Amino acid sequence: MNLDALFLLFEGLPRQGPGTDRATREAISRLPRLPENPVILDLGCGAGAQTLVLARELAAPITAVDIYRPYLDQLKQSAKDAGLDHLITTRQGDMTDLKDIPPESVDLIWCEGAIFIPGFGRGLELWLPLLQNRGLVAASELTWLVPDPPAEAVNYLQAVYPAITTVEDNLAAAAEAGYESLGHFALEPAGWRDEYYGPLRKKIALWGPRAMDDPAMAQTIEEMKLEMDMYDRFGHSYGYIFYLLRKAG
């Protein structure tokens, strides 16, 4: 998939991946109480729908990190409109390259729908040294929801995201990386169909025939249409699992 076309297609949308405000609040509610003046990172934040919820619910400063500047600009405006700009700092950068953040300085790392970028286990390994003693990670990751998914869904996801695995395998990877599990839960289908795919379908319709003049965009749109069709037919067999983790020790 062409990343430039993908970034452009998702510009202006409320979400760049599946999610709901309710799920973000649910994840927050299941975590232990944070210390006073916590250090919080939201990695791969996109346009920051979840960042706004975090700021509102936790009433604490958050550094939101993403590689794509227009998403961060959108978040800055949304934060200002919501009266939360005093709590949200944006940072353009690679979520896998955080060398300037002091070791053992972060209380909570949040990552909705973006840990696939480094890979689930690898991302957790990279972030462990940044966390305070007993620091927390909340991350949603594409996961099989049934033990015997349909062959067509398996073939499709093995082609586009071969790292997909089971809850049990992800929990084992988290333990190997140095975490203990505090629980997990599945994102509801509305987080895919309504919050994510609904606005995306409208954006694709707006592109219309113009996309045919841009081969990269035309291909990206066809790939997204296929993704949406697969979820419509097989979404019962896969989805995002929210993993709530704590640095062990």
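The values are calculated or read from the model by the stated rules, or taken from the named source; none is laboratory data. All values reported here derive from a predicted model rather than from experimental measurement. Cβ: placed from backbone, ideal geometry, glycine included. Neighbour counts: every protein chain shown. These accessible areas exclude ligands, DNA and RNA; they are computed on the full protein's heavy atoms, side chains included. Shrake-Rupley method; radii C 1.70, N 1.55, O 1.52, S 1.80 Å.
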Residue list for the stretch 15-43, filter: touching a residue at least 40 places away in the same chain (Cβ under 8 Å), more than 21 Å from Glu180 (Cα to Cα) and surrounded by fewer than 18 Cβ atoms within 10 Å (Cβ to Cβ): Arg22
Selection status of Ala248, in contact with a strand residue (DSSP E or B) (Cβ under 8 Å, 6 or more places away or on another chain), in contact (Cβ under 8 Å) with a residue 24 or more places away in the chain and open to solvent by 20 Å² or more (accessible area, probe 1.4 Å): yes
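Condition first: touching a strand residue (DSSP E or B) at 6+ places or on another chain (Cβ under 8 Å) and within 18 Å of Asp194 (Cβ to Cβ). Can you find one or more residues in the stretch 35-50 that meet it? Working first, answer last.
Start the filter on the stretch 35-50 by keeping residues that are touching a strand residue (DSSP E or B) at 6+ places or on another chain (Cβ under 8 Å), which leaves 35, 38-46, 48, 50.
If we keep only those that are within 18 Å of Asp194 (Cβ to Cβ) too, we end up with 46, 50.
Scanning the stretch 35-50 turns up at least one residue that is touching a strand residue (DSSP E or B) at 6+ places or on another chain (Cβ under 8 Å) and within 18 Å of Asp194 (Cβ to Cβ).
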Scope the stretch 124-141; condition over 22 Å from Ala23 (Cβ atoms) and of a type outside the set (Lys, Arg); matching residues: Glu125, Leu126, Leu128, Pro129, Leu130, Leu131, Gln132, Asn133
Residue, nearest to Val39 (Cα to Cα), within the stretch 59-90, restricted to residues that are in contact (Cβ under 8 Å) with a residue 40 or more places away in the chain, open to solvent by 30 Å² or more (accessible area, probe 1.4 Å) and out of contact with any helix residue (DSSP H, G or I) (no Cβ under 7 Å at 6 or more places or on another chain): Gln74
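Any residue that is touching a residue at least 60 places away in the same chain (Cβ under 8 Å) and more than 26 Å from Gln50 (Cβ to Cβ) - is there at least one of those in the stretch 156-173? Give the derivation first.
First pass over the stretch 156-173, keeping only residues touching a residue at least 60 places away in the same chain (Cβ under 8 Å): 156-157, 160, 164, 167, 170-171.
Of the ones still in play, those that are also more than 26 Å from Gln50 (Cβ to Cβ) are 156.
Within the stretch 156-173, one or more residues are touching a residue at least 60 places away in the same chain (Cβ under 8 Å) and more than 26 Å from Gln50 (Cβ to Cβ).
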Among (1) open to solvent by 20 Å² or more (accessible area, probe 1.4 Å); (2) within 16 Å of the chain's Cα centre (by Cα); (3) among the aromatic types (Phe, Trp, Tyr) - the single one Tyr243 does not satisfy: (1)
